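Structure, as structure tokens:
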Amino acid sequence: ADMRICRAVEARINNGASWPSTDYYQTAIHQIEAGRHVWGCVNQSDFDRRCTALDKLIESIARTGYQESSQLGSAAGIDSPLGHQEVIVNISRDGLPLFQDGRHRLAVARVLKINRIPVQIFVRHAEWQTFRKFMRRMAQGSGGAAKKGFLYQVPIHFDLSSIPSAH
């Protein structure tokens, strides 16, 4: 919520703000004018095209809901400046998702109040990975939490959802 893009998308969707009136846009243009490439943009015209692509992303998600990037294509009107990638997260030692990338899609989903979106896991902490392996072994065993290759109930963590469960 504190990222510039989140504030800009919220102002754009909820208040009809123009991109140039946002801190996100102003900061990017300032960086571009200082010689930095921002999101692959080398001038204001490039960045304006990027904002147009972001408007198409907003319109697409508002119209058809959040779709996995693999379902999107040029037919959806969302072309390259934003690319097609899922929101990328890392998993902490305690199983907490930590944002890595995909801020545009995350910002749009957040402002449109979409509660669940697909993510791609980039890195898992070694301790979390050890716990995941433990849960998989438990599902394969016959202990109190498992029966016939299944956990007794569905694990509530999204990164454990592929482990079979009986209830």
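Kindly report, to the nearest 10 Å², the accessible surface of Arg103 as traced by a 1.4 Å probe over protein heavy atoms only.
Rounded to the nearest 10, that gives 60 Å².
Which whole-number percent of Cα pairs in the chain have a distance greater than 25 Å?
On the way: 6360 of 13861 pairs.
Considering the chain, 46 percent of its Cα-Cα pairs are separated by more than 25 Å.
Test of understanding: express the Cα radius of gyration of the range 87-167 as a ratio to 2.2 N^0.38 Å, with N the residue count. Show your work: numbers first, answer last.
Numbers: Rg = 15.0 Å, N = 81, 2.2 N^0.38 = 11.7 Å.
Against the empirical 2.2 N^0.38 Å value, I get 1.29 for the range 87-167.
How do Met3, Met135 stack up against each other in accessible area, from largest to smallest, with a 1.4 angstrom probe? List each step's numbers first, then the result.
Details: Met3 50, Met135 30 Å².
Largest accessible area first, the list is Met3, Met135.
From the phi of every residue in the range 87-96, what ³J(HN,Hα) in whole Hz does the Karplus formula 6.51 cos²θ - 1.76 cosθ + 1.60 yield, where θ is phi - 60° and glycine or proline is x?
Listing the rounded values in order: 5, 10, 10, 10, 10, 6, 4, 9, x, 7 Hz.
Counting only the heavy atoms of the protein chains, how much of Asp2 is accessible to a 1.4 Å probe, in Å² to the nearest 10?
140 Å²
Would you calculate, for the chain, the mean residue ellipticity at 222 nm contributed by helices, counting each DSSP H stretch of 4 or more residues as -39,500 (n - 2.57) and dividing by all residues, to the nearest 500?
Working: 5 runs with 68 residues, N = 167.
The per-residue figure over the chain is -13000 deg cm²/dmol.
Where the only charges are on Cβ atoms (+1 Lys, Arg; -1 Asp, Glu), what is the dipole of the chain about its Cα centre, to the nearest 20 debye?
Numbers: 21 positive and 15 negative charges, 167 e Å.
Magnitude of the dipole: close to 800 debye.
So who's got an amide H within less than 5 Å of the one on Gln120, skipping anything under 5 residues away but keeping other chains? H placed 1.01 Å off N, in plane.
Val87, Ile88, Val89
In the chain, what percent of the accessible surface is made up of carbon and sulfur (1.4 Å probe, ligands and nucleic acids excluded)? Numbers along the way, then the final one.
Working: 5110 of 10090 Å².
That share works out to 51 percent.
Residue-wise, which Karplus ³J(HN,Hα) couplings in Hz belong to the range 123-133, taking 6.51 cos²θ - 1.76 cosθ + 1.60, θ = phi - 60°, and x for glycine or proline?
For the range 123-133, the Karplus-derived couplings read 9, 10, 4, 4, 5, 5, 4, 4, 5, 4, 5 Hz, x marking Gly and Pro.
Compute the relative contact order of the range 1-43 as a whole-number percentage, counting only Cα pairs closer than 8 Å that sit 6 or more residues apart in sequence.
Relative contact order comes out at 25 percent.
Suppose all protein chains stay in the model; what accessible area per residue would a 1.4 Å probe give for the chain, in Å²?
Values: 10090 Å² over 167 residues.
Using a 1.4 Å probe on heavy atoms only, each residue of the chain averages 60 Å².
Could you run the Karplus curve 6.51 cos²θ - 1.76 cosθ + 1.60 with θ = phi - 60° over the range 33-46 and give me ³J(HN,Hα) per residue in whole Hz, x for Gly and Pro?
Rounded to whole hertz, the list is 5, 7, x, 8, 8, 10, 6, x, 9, 10, 8, 5, 4, 4.
Compute the relative contact order of the chain as a whole-number percentage, counting only Cα pairs closer than 8 Å that sit 6 or more residues apart in sequence.
Values: 204 pairs, mean separation 25.5, N = 167.
Relative contact order, the chain: 15 percent.
The values are calculated or read from the model by the stated rules, or taken from the named source; none is laboratory data. Keep in mind that this is a model prediction, so the values were computed, not measured. Reconstructed Cβ throughout: ideal geometry from the backbone, glycine too, with neighbour counts over all protein chains shown. Heads up: the accessible areas ignore ligands, DNA and RNA and are worked out on the full protein's heavy atoms, side chains in. Shrake-Rupley method; radii C 1.70, N 1.55, O 1.52, S 1.80 Å.
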